[in-house]
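Since the structure comes first, as structure tokens, the remarks are kept for the end.
Derivation of every value follows stated rules applied to the coordinates shown; laboratory data play no part. Being a predicted model, the structure only gives us computed values, none of them experimental. Glycine also receives a Cβ, built like all others from the backbone with ideal geometry; neighbour counts cover every protein chain displayed.
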Amino acid sequence: MQTNFPVEDIRKQFPSLKRTHHNKEVVYFDGPGGSQTLQSSIDAMADYLMRGGANRHGHFPTSIETEEMLARTREDVKLLFNAAKAEVAFGPNATTLMFAVGRALARTWEPGDEIVLTELEHHSNIDAWRTVAEDKGVTVKYIPFNPKTLTLDLEVLPELLNSKTKLVAVGSASNCIGTITDVKWVAEQAKKVGALVAVDAVHAIPHMYVDMEDQNIDMLFSSAYKFFAAHVGMAIIERDLFESLDVYKVVPSPHEIPDRLEMGTQNHEGIPTVSKAIQFIASLGEGETMQEKIKSGYNRIEAYENKLADKIRAGLAEIDGVTLYQADDSVPKTPTIAFRVDGISPQEFCIRMCEEHSVFIAEGHFYAQTLAERLGILESGSFIRAGMHLTIQKKKFIAS
Ligand SMILES: Cc1ncc(COP(=O)(O)O)c(C=O)c1O
């Protein structure tokens, strides 16, 4: 097992890390807003366009190559999420796919049915399901967020579930405070009453392995611009469930899965970048199979990122006037750190970090609006969010 994380070699693979602002190398601390892009992803996109793109179903090389590229990428995505029993649909982003799946699922819901969401979520993973539930007279229940522990109060979940529960939607990790939720346990509870489990893995996926089969997930949503590739959304849906989904679609478009969910023409130049990102994660790991390499790659990413994030958390905690919004050490977290600083507005803080230190860092509620409300942040401004990726190097931000 290699021990040193090859951050220098990794950084060479991301051309935008060379960007400067006021003659200083930029430090990217807005990772959860979107990662930087691999050179191999950029090349794959250019290559697709330069070779001659085409739409699908044609009997000529560019169309056949597009079909092959789509099929290959779907297989790679299945490996990434250990999703052999699922099919992969692409779309513009995760939100659009969640809403499309929500509309399809709701066609089977009856007034009086119930769904369970959580207060910790990015609102895509709330409103995609809540809106259609409201249309159908379906009751929406929430797993509460505990502002003291900065985790979900999962122990109430069994009381929220019953034979009328159709869906439980939960996120792997919070895009705002980094808290990782025990999705496997949530799914176990949901399955006891026959509810479907939808998981938002958008924030988690650059940082941790999300195993669809092991966690008993029926539907998983992700987005490639968060993990080193282009703007491509993904819905990975267990095959039998997918077959049963009555999606809103254009009549002449293919009815088979996964095509059924892919509305209009996809981002054909963006999709091959997804495979490059998956190969990159695998390249960091060891093992015989691609899947083993992916898993071991994630182990190394986690070890590296967590060490740096712990240092930043500890450093921030020592500064007078800094309030950290984070669960305690016993709770696993992504390297995503929300905080505020007394005496300076989050906006002013971010502007000064940018202009004085070339650190690109964001503030807001990041669409985790209910979470921000529960923490009393909404009425008084926003969080500052330091969100790292594996390209962050200690000397870069310490020097700033
Ligand atoms: C946790 C989480 N869920 C969903 C989304 C929305 O993803 P997309 O931009 O692909 O629609 C985001 C985007 O920031 C996110 O962080």
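Output ³J(HN,Hα) for the stretch 67-73: one whole-Hz value per residue in order, computed from phi by the Karplus curve 6.51 cos²θ - 1.76 cosθ + 1.60 with θ = phi - 60°, and x for Gly and Pro.
Calculated HN-Hα couplings, in order: 4, 5, 5, 4, 5, 4, 5 Hz.
Anyone know which of 60, 383, 349 comes out most mobile in the 10 Å Cα GNM of the chain?
Per the Cα network of the chain with a 10 Å cutoff, 60 tops the list.
Amide H to amide H, which residues 5 or more places from residue 249 or on other chains are under 5 Å from it, using H placed in the peptide plane?
For residue 249, no residues qualify.
Which cross-chain or sequence-distant (5 or more) residues have an amide H under 5 Å from the amide H of residue 171, H modelled 1.01 Å from N in plane?
200
For the stretch 296-362, which GluC sites (Glu not before Pro) are both in a DSSP coil and crowded by at most 13 other Cβ atoms within 10 Å?
For GluC sites (Glu not before Pro) across the stretch 296-362 that sit outside H, G, I, E and B with at most 13 neighbouring Cβ atoms in 10 Å, the list reads 318.
For the stretch 172-181, just list the computed ³J(HN,Hα) in residue order, Karplus coefficients 6.51, -1.76 and 1.60, θ = phi - 60°, integers in Hz, with x standing in for Gly and Pro.
5, 7, 6, 6, 10, 10, x, 3, 9, 9
Tell me which residues come under 5 Å, amide H to amide H, from residue 359 once H is placed; ignore anything under 5 positions away on its chain.
Residues meeting the criterion, in which the H sits 1.01 Å from N, are 27, 354.
Rounded to the nearest 20 debye, what is the charge dipole size of the chain about its Cα centre when +1 sits on each Lys and Arg Cβ and -1 on each Asp and Glu Cβ?
Rounded to the nearest 20 debye, it is 680 debye.
Please list 3J(HN,Hα) in residue order for the stretch 383-392, calculated via the Karplus relation 6.51 cos²θ - 1.76 cosθ + 1.60 where θ = phi - 60°; whole Hz, with x for glycine and proline.
8, 9, 10, 9, x, 9, 10, 5, 8, 6
In the stretch 102-134, which trypsin sites (Lys or Arg not before Pro) fall in coil by DSSP and have 15 or fewer other Cβ atoms within 10 Å?
Passing both the DSSP loop test and the Cβ count: 107.
What number, rounded to the nearest 500 deg cm²/dmol, is the helix-based mean residue ellipticity at 222 nm of the chain, given -39500 (n - 2.57) per DSSP H run of at least four residues and division by all its residues?
Calculated at 222 nm, the ellipticity per residue is -11500 deg cm²/dmol.
Please arrange 371, 196 by counting, for each residue, the other beta carbons lying within 10 Å of its beta carbon, fewest first.
So the residues, fewest neighbours to most, are 196, 371.
To the nearest 20 debye, what charge dipole does the stretch 43-278 have about its Cα centre, counting +1 at the Cβ of each Lys and Arg and -1 at the Cβ of each Asp and Glu?
200 debye
DSSP beta bridges in the chain, what fraction antiparallel, as a percent rounded to 5?
Antiparallel bridges make up about 60 percent of those DSSP assigns within the chain.
Sort 345, 222, 275 by Cβ crowding within 10 Å, fewest neighbours at the top.
On the way: 345 15, 222 29, 275 23.
Final ranking by Cβ density, sparse to dense: 345, 275, 222.
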